[in-house]
1. So the check is Cβ under 8 Å with 6+ separation or different chains; which pairs have a first residue in the stretch 4-16 that's in contact (Cβ under 8 Å) with a residue 60 or more places away in the chain and a second one that's exposed (fewer than 12 other Cβ atoms within 10 Å of the Cβ)?
2. Give, as residue ranges, the helices (runs of 4 or more DSSP H) completely inside the chain that count at least 2 residues that are among the hydrophobic types (A, V, I, L, M, F, W, C) and at pLDDT 85 or above.
Amino acid sequence: MGSFDTSKTDETLRNVFNKKPSKQNKVEEPTATKEEQAIELLQGMSPAQIMAIISAINK
């Protein structure tokens, strides 16, 4: 197999993990579970960004 262009996936992942929480997206409760925090992050993402993450996880 040849090499694959992963630049879009790489950039999406960089954006997700380097994104600082804004006041609007910040979890107010310090007792929020990891699942709740993940859901809140996913809600701020486009379907394409979510699919890129899922694809990266499934590799």
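1. Sorted first by the residue in the stretch 4-16, then by its partner, the list stays empty.
2. Qualifying helices (runs of 4 or more DSSP H): 34-43, 47-57.
The values are calculated or read from the model by the stated rules, or taken from the named source; none is laboratory data. Nothing here was measured: the structure is a model prediction, and the numbers come from that model. In this analysis, Cβ positions are derived from the backbone assuming ideal geometry, glycine residues included, and neighbour counts consider all displayed protein chains.
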